[in-house]
């Protein structure tokens, strides 16, 4: 469920403090942002082309849609550029898909919190399913970080590939829509591999829904920023995308290993699965944590000790704080600082355990 | 009401054809887009700063919010940076406001079509009011192009200032929220004066609604593109904004005069008000136009003759095609081409009148 105002205030305080080594959020590594290449691509695009600064059509830049379709087709999906709708990040794709599906959308026991928000704002609502989910997080699970593949349902299915390319072993699974084109709503984004600041994602809806989705997209914000799309097209023209993904995988794999090692050292009793990709480790502790107040106290202790994490309740539809879970992000923290962050977290947990 | 698929197809065909001198759409003049300055601002921002490429908070860049608040405060409104929420264009601001207000939103007999769409997608719906409107188009009316001030209602009011600065006489009215802070949802955008391709607008909601609106904004697309916001901040630092607005006013005033002159020459029987600002002239003709089919035939004739317009039905909640009205946009057409566009339109109307 959405984080409470108090939790949000703590996370913001942590994010804004220079002396906090944060383990919250899903931010990509600063060192991986293609700053120079993007600056060059944008400067060229903006100065030359008409389209980067002007209005464009709701479905997005045809060159970008072609790039997306080509990559999906190479993975076995029957997708043409006309099937792709560029969205304002994967978040808007979640809203558009849920707005078309409506009703109940089954999700895992832990799931991506902003998907719960997206479904609610779209007039749908997330319900927990023990078995099959209508919202499937593909390739790398968020928040759990492992490759558990949520078994998709038989009906309309939202396949969220935000982290799919960031499996450390490079085995990007065959896209769900390759085998169920007419009921899968495929979602992707460049936020995790290239950069989030452009706000470019995409949705491949079932073909029968295309026209309605484009109308809904237009009603939502007319179109995704022309500048972001043009910049991305120019960047992808010059960039060796596979090399970028490959570098991201090895960077994050190394950070994941460092974080796992620090967790084993400081939380020998903690339960977690070594991540198969993505940005995060899901750490469960045996401590009782019956109320949101308890969980919030732990986060406050962490921020006081100079670190942060995403509380487990955020990832659960009912906001349960038990079993106590902490999503720890290794993606945005310098590899050398991860050990210190976990050391601080251990201090915070000890203080919290000793609370009266 | 939303344009029909056939109307949309015609408008797209016209927009994509090199030999069509289009009078449809609300695009700013190509010559006014600050191409060089923006390219420079973006290149600097992207290469240097962390924030342009990374995630940011849902409410938007504090520097941009400060600029917006300062301008509103200078016009008499009690607005601080914390009151401002950056949105993905004014379109998203319309959705967020309507999503909070819900229910019926009274609009004028002719109104901005995408507002009708925004209200619908947000779970509200537009109804026509003869007297007072809950959706008030400020300063310059769209589509009518004159300064008729829709008398706002007594309840929650959405004040859309998209074109307010583009009054040719430079008299930007006192913002509605200066006198009714607790019930006005103020909406602005940089799309008309600076450039639409960034997709940056803003919403100043009543203070009591702020937290809920930020949550809804976050659910919709997490945040407006960091790149667009950072680029705009850098641009506004270097740009003489008043000079930009002033140049835009004189450019559009000259085009408006040229279009009005051409209309008087080719449609002496046509009824229109000389525009007081903005991008468009609303032309009404006496011809009967009983059905959408008739209106569509006129647009098809126009495209065949090498021009285009926005059909009047788009601007009416019930989609009425009578009285026959054409919104003619002077903003995006070179001033020397406006006469030829209207000459072509007159040919199309003559052919259409002669249809069997």
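The values are calculated or read from the model by the stated rules, or taken from the named source; none is laboratory data. Everything numeric in this text was worked out from a predicted model, so none of it was measured. So basically every Cβ, Gly included, is an ideal-geometry build from the backbone, and we count neighbours across all protein chains shown.
Looking across region A:207-226, the residues that are more than 8 Å from every other protein chain (Cβ to nearest Cβ) and over 13 Å from residue B:221 (Cβ atoms) come down to A:207, A:208, A:209, A:210, A:212, A:213, A:214.
Applying the selection to region B:153-178, what residues are more than 12 Å from residue B:90 (Cβ to Cβ) and free of Cβ contacts under 8 Å to residues at least 40 places away in the same chain?
In the first step, residues of region B:153-178 are kept if they are more than 12 Å from residue B:90 (Cβ to Cβ); the result is B:153-157, B:165-178.
Correct list: B:154, B:155, B:157, B:171, B:173.
Could you check region B:63-74 and list, in sequence order, the residues that are more than 22 Å from the chain's Cα centre (by Cα) and without any contact (Cβ under 8 Å) to a residue 40 or more places away in the chain?
First pass over region B:63-74, keeping only residues more than 22 Å from the chain's Cα centre (by Cα): B:63, B:66, B:70, B:73-74.
Selection gives B:66, B:70, B:73, B:74.
Would you say residue B:344 is surrounded by fewer than 24 Cβ atoms within 10 Å (Cβ to Cβ) and out of contact with any strand residue (DSSP E or B) (no Cβ under 6 Å at 6 or more places or on another chain)? First the steps, then the outcome.
On the way: surrounded by fewer than 24 Cβ atoms within 10 Å (Cβ to Cβ): yes; out of contact with any strand residue (DSSP E or B) (no Cβ under 6 Å at 6 or more places or on another chain): no.
Judged against the criteria, residue B:344 is not a match.
Assessment of region A:61-75 against the conditions (in the same structural domain as residue A:233 (by TED's automatic domain parsing) and on the phi > 0 side of the Ramachandran plot) yields no matching residue. Being closer than 20 Å to residue B:71 by Cα and surrounded by 13 or more Cβ atoms within 10 Å (Cβ to Cβ), is that true of even one residue in region B:284-292? Within region B:284-292, not a single residue is closer than 20 Å to residue B:71 by Cα and surrounded by 13 or more Cβ atoms within 10 Å (Cβ to Cβ). The strands (runs of 3 or more DSSP E) found entirely in region B:178-284 that carry 2 or more residues being within 28 Å of residue A:198 (Cα to Cα) and in contact with a helix residue (DSSP H, G or I) (Cβ under 9 Å, 6 or more places away or on another chain) are B:184-189, B:201-204.
Here B:58, B:77, B:52 are screened, and the one residue that is modelled with pLDDT of 95 or more and over 23 Å from the mean Cα position of the chain (by Cα) is B:58. Evaluating residue A:95 against the criteria (1) farther than 30 Å from residue A:316 by Cα; (2) within 10 Å of chain B (Cβ to nearest Cβ) leaves one unmet condition, (1).
Tally the residues that are more than 7 Å from chain B (Cβ to nearest Cβ) and in contact with a strand residue (DSSP E or B) (Cβ under 9 Å, 6 or more places away or on another chain), restricting the search to region A:26-55. Steps first, please.
Of region A:26-55, the ones more than 7 Å from chain B (Cβ to nearest Cβ) are A:26, A:28-29, A:31-32, A:34, A:37, A:40-41, A:44-45, A:48-49, A:51.
Right, trim to in contact with a strand residue (DSSP E or B) (Cβ under 9 Å, 6 or more places away or on another chain) and you get A:26.
Qualifying residue count for the region: 1.
I'd like to know if region A:255-273 contains one or more residues that are surrounded by 21 or more Cβ atoms within 10 Å (Cβ to Cβ), under 18 Å from the mean Cα position of the chain (by Cα) and not assigned by TED's automatic domain parsing to the domain that holds residue A:114. There is at least one residue in region A:255-273 that is surrounded by 21 or more Cβ atoms within 10 Å (Cβ to Cβ), under 18 Å from the mean Cα position of the chain (by Cα) and not assigned by TED's automatic domain parsing to the domain that holds residue A:114.
If you go through region B:204-246 and keep only what is buried (at least 24 other Cβ atoms within 10 Å of the Cβ), farther than 27 Å from residue A:42 by Cβ and under 23 Å from the mean Cα position of the chain (by Cα), you end up with B:204, B:205. When each of B:200, B:204 is tested for being within 14 Å of chain A (Cβ to nearest Cβ) and touching a strand residue (DSSP E or B) at 6+ places or on another chain (Cβ under 8 Å), the lone residue that passes is B:200.
Among the residues of region B:140-159, none qualifies, meaning not one is over 16 Å from the mean Cα position of the chain (by Cα) and within 20 Å of residue B:67 (Cβ to Cβ). Can we say residue B:90 is closer than 20 Å to residue A:52 by Cβ, touching a residue at least 12 places away in the same chain (Cβ under 8 Å) and out of contact with any helix residue (DSSP H, G or I) (no Cβ under 8 Å at 6 or more places or on another chain)? Yes.
To keep it simple, each residue is scored yes or no on (1) surrounded by fewer than 22 Cβ atoms within 10 Å (Cβ to Cβ); (2) in contact with a helix residue (DSSP H, G or I) (Cβ under 9 Å, 6 or more places away or on another chain); (3) facing chain B (nearest Cβ under 10 Å).
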| residue | (1), (2), (3) |
| --- | --- |
| A:2 | yes, yes, yes |
| A:19 | yes, no, no |
| A:60 | no, yes, no |
| A:67 | yes, yes, no |
| A:82 | yes, yes, no |
| A:86 | no, yes, no |
